[in-house]
Structure formats: structure tokens, C-alpha cells
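Some notes on the structure that comes next.
The values are calculated or read from the model by the stated rules, or taken from the named source; none is laboratory data. No experiment lies behind these values; they were computed from the predicted model shown. Counting neighbours? That spans all protein chains shown, and the Cβs are built from the backbone with ideal geometry, glycine included. Surface areas here come from the heavy atoms of the whole protein model, side chains and all, with no ligands, DNA or RNA. Shrake-Rupley method; radii C 1.70, N 1.55, O 1.52, S 1.80 Å.
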Amino acid sequence: MTFYIKPPEGNVSLSSLYQYAETRLLFLSQVHQRWGDDDQVRRITTDHPSIRSNSECLIEGSRKDRMSHFVLRLATLGNEQFRTFFIEAETLLFEHRLQCGGEPVIINGISDFKRHIHFALKYMRLTTSHHTFILQVQKTLNDILRAGMVACTMKETCHHFIKVPWTMVESLVKERSVAVNASEVVITCQTLLLLLYEIFKTTLEFGIKQLSLCGAEDLVSDTRIRQVKKNIIRVFIKHQGGSHLILSSKRLCHTDIENEVPYFPLCMQELHKILSSTSRLRHHARIRYTLFLKDIGLPVMENIAFWENFYCKPHLGHSAGCCHTWEGNDRKRYTYGIRHLYGIEGGRKNYTSHSCTSLQALLPQPLETGGCPYASYDEAELSLLLNPILKDHLQLQNIIMKEVKAGRPNAACKIVLAFTLFIHKEHGRKRCKKKDMQHLEDAKDKRHYTYNLSNAESCNTSNLTLKKEGSVSEPVGKTHCQVIHDLESLSKNMTKNNNEVSLKPEISSCNDKEFRHSGLITKSTTVNDSACIKHCSVNGECFPSSSSVKNDLQVLLCDIEDLKDILPKCNVSRPSQYYLKARG
């Protein structure tokens, strides 16, 4: 269990340095592609003689292992695409090593990690956040050993636990994998490995950021190192399917695909629609969709499970379509075909997904689906596909149709992507508004205030008293004329009972500094839609009224002008790029 904090030392030839880095990159690429099938991950060195012959650089904790890691880490500078891949693949390799090694690997790894932390705190140049994180990790490692969690043999029934700051495991908190209590996360023996995975990933991310602090850019400017980096990126592009690759920030599961379809480009939405309605796709369409799912981050085993789910169902299409099932020899054939596309079987070529240009060049064929709808569909067919997406945005639909008629399918697709980004941004804003409105509605259930008006006719000054149920009233001094003016303007929202006046807190204007109360709202309150009544004060905070929030939540139509700032960011050359941009 190596966390790669301390850089390697010593002398090595340039050719050996590149060879170590290339071997590690090929191995990481295979781990990334085969993840989800433990047997396939273990067979990487067996299936690839070139990796097996240079596997010394993969022996965990060895000098060559650290050298190959740090050369690849250096190659991430200035290449966000490779950086994303490197962090994810190294984390998967760490996870695999931890699962295979067991208790001895964890104990030795923690011991080495503590020693390297001491080195980092004493000799390395760290940012404040990096220094704080390392101190937190140091304390956490001591707590793990002190609690006896590593040697625990009853992980399902034991009561060992430690507490760590939630900031150390933000992704686990986001996924609801751990319990949070007072800004701390409870880590049990069952979740110990998850904690170690997160520590490794965060340590690696900090390590990459640290490269710029220690003058790594000057090192990369060296002609020899620059050539090594160039060759590494070339190998990465070759084995990851081309320079188009944009890795997803999360690993998809086959059960997630249905929820991700709204983010797909129209060409892939059409394939998924046909697959959902008939449970089958013809050969070429199936290959296009499989490669698309591969490119957006669906691992090979999840891709197999995705197709198995459909092909186990009865065929619902016409007799001329694909009628195969997932039983018998067909199961082996389909599984082999998917693994072949991932570069695991056959000639082990890592196939790329289809580009927009290749899809646009496909000529419509009888009974064959796929291709680019903007290039091959007529206006009526395209309108049927666009209507569920654009709905009432007729201006945008007309502009898209003009682009299609002008022979510019890329421009048409670009507008739809920009519209999708705009709509999802608006939905995010509306969800925040809904939370505010829900907070307001929840507040109504808790308390209410009444305002008492006494001696209003006989005194120049009246005491407008704020009385909370079960508490002592607090007077707010106002002149008689001010009170009368306020009461007249708010008469539609008050109920009179002798000399007691019950007011609805929504009608209190936040702009009136003299007439402000900090109460929560009675459940029976109704909202006045008057333009002058916009806010209420809840616990001293200013919130929009329910009516103003509901008005803001109305669907907003957009036109091409609203998309002008988004359009320049929507240039894509493959359907997988479309999805990853739409998903943000």
C-alpha cells in the first residue's frame, strides 16, 4: 500500500525511465478498461507479454515503481485529460492492491505512510491546505492503529470506529456511504477501505498540485523530459481511443443509463429509444451504441450487463430485425463482441466510438437505424425528435431547421446542446428557489406572532407589541400615524378581534427598518400578491414570499440570444463529447 508522497532518488538512463513509464501506463490503461472483473484484471500480465517482460516497475513500493509513477505524474502537467485518467486509474490500482494484499499490506503501508509524512512535513514545500490535510491523515492513521481496526477479524459485528473530519471523505458523504455527526464522519471496520481509497486519491491530487510549487514546469521544459512526456501522451492517446477522449468524472453503472439519456445527443437518444421499445438493435447500430457507452465511462462488465438486460427480454420488433437472445451460444458471441470492442479479446485493438463526421456520412438503409438525424432525417421526422426536447421553443426549432436545410448538421446539434445546458442551469436555479420556498413553508408550522394595538386613539404614541406564543411581549415604538398608515395598508391581511390585531408576517416589508419582526409564520397565513408585499423576515433573515418564489419558478422561454454565451463552448466532434459536456 504505497501513497507516493516521497519522490524517488538516484540515477537512471533516459531510455529506462521512459520504458518504466510506458509499461505502467499500459498497465493502468488495462486496469481502467477491465475494472469490474477481478479475474480479467489479474490476467493483464498474462495477456500482454510486453507488460509482463517489464513488470519490475509494477512491484509495489519498489524504486522502479515510484519512478514510473512520478514520471506519469509529471506528464499530467498541462494536460487535464491525462490528469483525470491518471488519478482515476492509479486509485483503481491502489484499490486492487489493497484488496489482494489484505492485513499485512495495510499495516506495512500505514507504517511507510507515517514515515513519509514525517519526511514531507520536514522537507517538502506544502501549501496550507496540503499541510492541514497531511496532519489530519497522520492523526487518522494513529487512530486506526490505536483502535485495532486493521487486525479486526469480526468486521461485520465489531464495534471499532474512529471519527474523521467530513472534508477528508467528501465523496463518501455525498454518496451517503458514511454517517455524519457534528461535522465528523464515523468510520467503522466495514468502511475502513473506503477511507483509505479517499486518502490515496486526495493525496495524489495534492501531489499533482504540488508539482507547480517545486518548479516542475522548469523540469518539463528540459528537452529530454519534454520528449518523454510527448511519447507518454502519444501512447495514452493510442490506447485510450484517440485524442477525442474526455473521461467522465464518475463511473457509470448499467442501471444509470436510463436516467442519463436526456443528456445524450439526438443520434444516441434515437438508438436508445428503439432499443427500449423493441429490446433489440441491429448489428451496426448495436456497435455504435456500445462504443458510445464505452466512451462515456461505462466499464466493460457494466456494458455487458446493460445488453444482457435487454436481450433477455422477448423481441418486440418486426420479424426483419435482430431476433437473437442472450441464451446459449449467442450469449458467448455478444460477450466476446463487447470485450473485443474494449480491446480485451481478439487483436486487442482499443476501438474508438464513431465521430460525428462518420455518422453524418452514413446513408439511410432499409431497416437500419443510426446515423445523424440532422443529416439523414427529413423535416417531419426531425421535428418529432426535437419536440420533446424543445417543447414551446419554436424560434429555436426554426433556427435548427434552417441549419439542417443549409447542410450544417454540426451547427444544429450545437444549438440543441447549448439549449440543454441552459435548461439544466435554470433547473438548478429553480431547485434552489424551491428549497427556499420549502424552508418558508416549514417555518409556517412552528410559531406565530400577534400584534397588539393599545390606546391608539388617545395617545400620540402607541405601543405596537410583538407577542410570541409562550413568551414575553417585546414593544416596538411607532408613532400613532405610522401605525395607522401601516394598518390601513395591511388591512387585507389582518383579522380584527376587539383591540387585538393578528397580522400575517408575510406582509412585513424588509425595507421598513422600524417595522421589522423576527418571527416564524403561522400555518394559516395567506399570501398577498401585491407588488409592495415581497418579503418577510424569518429568524432575522430576509426571505422571498411564497408568491414571488412561485412566480420565479415558472418556466422561462429562451431564444438564440440567451444561448450566445454558451454556444462557443458547445463544439464537439463525437457523441461522447456531447454527453460529457451536457453532463458538466
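Side notes on the structure shown:
- Using a Förster distance of 41 Å, the FRET efficiency for Asp39-Leu384 (Cβ separation, nearest 0.05): 0.35
- Take the Cβ atoms of Ser13 and Cys558, set R0 to 60 Å, and the FRET efficiency comes out at 0.50.
- Mean accessible surface per residue for the stretch 50-148, computed with a 1.4 Å probe while every protein chain stays in place, in Å²: 46 Å²
- Applying a threshold of 28 Å to the alpha-carbon distances of Lys273/Lys425; Lys402/Lys581; Lys114/Lys229; Lys391/Lys581; Lys139/Lys581; Lys229/Lys294 flags Lys114/Lys229; Lys139/Lys581 as lying beyond it.
- Shape class for the stretch 270-341, computed from the alpha carbon gyration tensor (a ≥ b ≥ c): oblate, with a/c not under 1.5 and a/b at or below b/c.
- Karplus-based coupling profile of the stretch 130-143, in residue order and whole Hz: 5, 4, 4, 4, 5, 5, 5, 5, 4, 5, 5, 4, 5, 5, with θ = phi - 60° in 6.51 cos²θ - 1.76 cosθ + 1.60 and x standing for Gly or Pro.
- Counted by Cβ distance under 12 Å from Lys581, the other residues give a net charge of +4, where Lys and Arg count +1 and Asp and Glu count -1.
- Cα gyration tensor, the stretch 16-55 - rounded (a/c under 1.5), prolate or oblate: oblate
- Tensor-based shape of the stretch 20-117 (alpha-carbon gyration tensor, a/c under 1.5 rounded, otherwise prolate or oblate): rounded
- Extending 7 Å from Cα along the Cβ direction at Thr132 and again at Ser62 yields two label points whose distance is 4.0 nm.
- Whole-Å distance, taken between Cα centres, linking the stretch 1-57 and the stretch 77-136: 17 Å
- Förster-model FRET efficiency, 35 Å R0, Lys405 and Phe310, C-beta, rounded to 0.05: 0.50
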